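Each reported figure results from applying straightforward, stated rules to the coordinates on display, with no laboratory input. Here the structure is a predicted model, which is why all the values come from computation and not from measurement. Cβ placement follows ideal geometry from the backbone for every residue including glycine, while neighbour counts extend to all protein chains displayed.
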Amino acid sequence: MATTSLARSSLKTLTKYDSFLVGNSAYVPPSFESIATIVGTGASGTITFNSIPSTYTHLQIRVLARSTLAGNISTNLSLRFNGDTGSNYVSHRLVGDGTSATANASTAQSNINVIPISAALTAANIMGAAIYDILDYTSTTKNKVIKAIGGDDQNGTGELYIGSGLWLNTAAVTSLTLFTSSFFTTTTTIALYGIRG
Amino acid sequence: MATTYQLISSQILGSSSASVTFSSIPATYTDLLLKVSLRSDQAAYTEVFNLRFNGITTTTYSYTAVAGSSGTTSSFAASAETYARSGPTPGSVNTANTFGNAEVYIPGYTVAQNKPIGAFGISETNSANDAWVQSNAALWRSTAAITSITILPIGGPNWVTGSSFYLYGIKNS
C-alpha cells in the first residue's frame, strides 16, 4: 500500500478536504480471497461447503487431508456439486508412481474422483495434498469442469495425480461436497477460495 | 499487507473470435497468471491453445509436454515454433457446453531474460477416451518485457462464444 508523508499531507498544508479518501491510493480489492476453511473431525468422512457466494468468478479448493480408513495406504477423495448424486460425473487422470506413468478414466459416476489422499497404513503425520480449480462456476451455460493436481509421498513410495473432472450440468455451483472412505482425520484441512475475474 | 494477486483484465467472448489479445499489460507486477475456459470450433476432439507474446511471429518459441489421453501417456516437444503451445482444449466434437480449464504461469515477465512458461490444462468430454490432461513447459527466447499476450487456436479457426480469458498480475511484495 502506498504511503503519504506528513510533509505532503493536509496536516502540514492545512488544506481542508471534504473526503478522507483524498491523497490516498484507490483501494483495489485482492482477486484471491478465502471463502471458508473446514477442519476434519475424525468422526465424519464428509466436508461440505454450502451457500457458496456467487460474487467470485472461479473457485479453488486446497486440500491437506488424510483418511482413517484402515488397511489402506491411500483412498479416494471424491467431489460432488450441489448435492447431485446422479451418474453425471466423468473423471480423467494422469498418474505417476515414481516408476511409470499411466492414464485412466471413469464415466457415468456419481462423483468426480481424481486425487486420492493418504489413509491409515501410511506412516503417521503424512498427508495427501491437492488443488482443484473450477472456472466460471456461476455460469449457467457451461458444464462444470475441474482440473486438479495432487497426491501423496510416503518417503520412498507415492503417487502424483494430475486430472480433470466433468459435471454434466450447467447449473451454477452453490455447494461442494468432498468425501472419503471412513473419516477425515482431525489433521485434515480443506479450504475454499474465491477468485475474482 | 500488500495485495499480491490482482485481476488485470478479462475477456468473455460474446461471439466467436479467431484470437484474443491482452495488450498494454502493465509492468507493475512480478509474474503473470492466465486462466482460460476455452472451446474451439475445430471439428475435432482436441484443440491446442497457443500464446504469442508482443505480436512476435518468428520461430522463437518451443515447448515440452507430458500428457494423458485415452488410457495412454505421452511426452512430446517441439522447437522453432511461432507460438508457445500451452495445452489442450475442447473442439466442436467434445460434449456440448463443455469448455477446457487451463492456467499458464509466466514468471518474471518484465525481466530481461528468456521467458519460461508453466502451463497445466485439460480438455474434458463425456467419454473414457478423447479427453486430455496435459502439462506444458514452454519458452519464448526473447529478453523483451512482455507487454501483450495473444491466445489463438492451432486449428480453429475460432474460439467459440462463451470462451473466457482472465489475466492476473502477481506481486512478490
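Annotations
- For region B:55-87, the candidate set comprises residues that are in contact (Cβ under 8 Å) with a residue 60 or more places away in the chain and within 9 Å of another protein chain (Cβ to nearest Cβ); within that set, the residue that is farthest from A:R93 (Cα to Cα) is B:V66.
- Residue within region B:138-150 that is surrounded by 23 or more Cβ atoms within 10 Å (Cβ to Cβ) and under 14 Å from B:V48 (Cα atoms) present: yes
- The residues of region B:90-105 that are at the interface with chain A (Cβ under 10 Å from one of its Cβ atoms), touching a residue at least 24 places away in the same chain (Cβ under 8 Å) and not hydrophobic (A, V, I, L, M, F, W, C), listed by number, are B:P90, B:N94, B:T95, B:T98, B:G100, B:N101, B:E103.
- Listed by position, the strands (runs of 3 or more DSSP E) contained in region B:61-131 that have at least 3 residues being polar (S, T, N, Q) and out of contact with any helix residue (DSSP H, G or I) (no Cβ under 7 Å at 6 or more places or on another chain) are B:61-69, B:72-81.
Yes/no per residue for (1) surrounded by 17 or more Cβ atoms within 10 Å (Cβ to Cβ); (2) acidic (D, E); (3) under 18 Å from the mean Cα position of the chain (by Cα); (4) assigned to a strand (DSSP E or B):
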{"site": "A:Y56", "(1), (2), (3), (4)": "yes, no, yes, no"}
{"site": "A:L59", "(1), (2), (3), (4)": "yes, no, yes, yes"}
{"site": "A:L69", "(1), (2), (3), (4)": "yes, no, no, no"}
{"site": "A:S87", "(1), (2), (3), (4)": "no, no, no, no"}
{"site": "A:S91", "(1), (2), (3), (4)": "yes, no, yes, yes"}
{"site": "A:G98", "(1), (2), (3), (4)": "no, no, no, no"}
{"site": "A:T102", "(1), (2), (3), (4)": "no, no, no, yes"}
{"site": "A:L121", "(1), (2), (3), (4)": "no, no, no, no"}
{"site": "A:I131", "(1), (2), (3), (4)": "no, no, yes, yes"}
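- Residue satisfying condition, being of a type in the set (A, V, I, L, M, F, W, C) and either over 15 Å from the mean Cα position of the chain (by Cα) or surrounded by fewer than 20 Cβ atoms within 10 Å (Cβ to Cβ) (or both), within set B:V111, B:V104, B:V133: B:V111
- Check on A:V90, at negative phi and within 14 Å of another protein chain (Cβ to nearest Cβ): yes
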